Every structure is written in C-alpha cells, then in structure tokens.
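The values are calculated or read from the model by the stated rules, or taken from the named source; none is laboratory data. Just so it is clear, the structure is predicted and the values come from calculations on it, not from any experiment. Cβ sites come from the backbone with ideal geometry, for glycine too, and all protein chains shown count toward neighbours. What goes into the accessible areas is simple: the full protein's heavy atoms, side chains included, and nothing from ligands, DNA or RNA. Shrake-Rupley method; radii C 1.70, N 1.55, O 1.52, S 1.80 Å.
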Amino acid sequence: MNQSTAVTLWRLLVAACAFTGVALAAQQYAVWWTALSQLASLAVGIAYLGLAVAEPRSPWLRGALASTMLLVALAFIPMNNDNLWDPFSVFEHMLTPALVVLDFVLVGANQARVRWWHPVTWLVPSAAYLAWYVLGGLDTYHLLDVDRPAALAANATVLAALLLAVGLVLYDVGRRRRPVPVPADLEPAREPVLTG
C-alpha cells in the first residue's frame, strides 16, 4: 500500500467516525442539529470525504476543524450532561477530535504552510455558531443561557480564549513540521541529463 492510499483510507476512517457520532446522536436527540458537537462532527465528516480525494495547498481547513474539535472535546468536560460514555458522546467528544488532531499534526502534508493569522480566523466557524445560538434563542448548553446575557458573554469569552489558545498551539506545531517528502512512486518522472 503506498502512502497516498494509506492517507485516503485514514481520512475515510476519520469521516466514518464523525458520521457515526452524528448518526448516534440523531437517534438519541430529536433536535441534534442545535449542538456544536453534532454540527462540528458533521462538518468533519463532509470535509474529510473531500480531503480523502485531495488535500488543498493551505492547511486552513484542517486547522479550523482540529481547533473546533479540540474545543468540542475540552469544553465538554465542564458542560458534561452525565453522558460522557454514551456511544455518540465517545465518538463526538473523544474519538473524532483525537483523529482530527492527529491528522493535522501527523498525517497531512501542508501543516508547514500554516500562517500566523490562521488561528484568529479559525474562530469564525464557532463565532457563527454562537451567533446562530443566541439569535435563535437555543437552549442546548446550560453555560450558554441566552436568558442570562452577562453569564453567556463571560462563558463565550472563556470559550473563545480556549479556542484561540488551542489554535495557537496547532499553529506552532504545524509550522515546526517539515513538509512530507513525496514518495518516489508519486514523483513526476525526470528527464535524463545528457552529459558529454
């Protein structure tokens, strides 16, 4: 098995894990689409199907997914609803985040292209979710109670700081990573050099 086949299979595994978490959550909750855990897992599943086919030159997408999934995993502990060991929760809060972070740190070929401003822009998907959460008057998380604006603002600020911190760690890890060399079987053929 060559390296590109292994990466494709790995990315399909990540997508399958993400979709499994969403499917299990949908069986347990009638309004599963209001939780960041399920929406982030759904985004991972869709994105990793695409990444199994081709990896873009920029690591932005993989970094955004890795930082968001780290937020999902780390923020779940204080927001725990006593369902950490439910099958959907294991997939969404442990397995999928771990696989996405491993993909960013160890598997991808473009981490060294991460830019200093990426961690700031990785806040955008979660900020969009928070805006939808507040404007829609959702009641998914007790720490993000729209009826208590001061507490919501304080907790959202802590979550944003956590997201930025994990993004900066991913940025640092990514920029230290050397680009993966292209295997000999994937390199374009070189024309022979004639001497004499």
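Results, tabulated for the structure shown:
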quantity: Under-5 Å amide H pairs with Ser58, H placed in peptide plane, nonlocal only; calculated: none
quantity: Given 10 as the ceiling on other Cβ atoms within 10 Å, longest exposed-site-free region of the chain for chymotrypsin sites (Phe, Trp or Tyr not before Pro) in DSSP loops; calculated: 1-84
quantity: Solvent-accessible area per residue for the stretch 19-162 (1.4 angstrom probe, square angstrom); calculated: 49 Å²
quantity: Share of pairwise Cα separations in the stretch 71-159, more than 20 Å, in percent; calculated: 50 percent
quantity: Simple Cβ-charge dipole of the chain, Lys/Arg +1 and Asp/Glu -1, about Cα centre, in debye nearest 20; calculated: 720 debye
quantity: Within the accessible area of the chain (1.4 Å probe), percent carbon and sulfur; calculated: 68 percent
quantity: Heavy atoms of Arg175: accessible area, 1.4 Å probe, square angstrom to 10; calculated: 120 Å²
quantity: Using a Förster distance of 25 Å, the FRET efficiency for Asp145-Val124 (Cβ separation, nearest 0.05); calculated: 0.60
quantity: Calculated FRET efficiency for the pair Met1/Trp117, C-beta based, R₀ 30 Å, to 0.05; calculated: 0.25
quantity: Mean projected area (nm²) of the alpha-carbon convex hull when the stretch 25-124 is viewed from all directions; calculated: 6.8 nm²
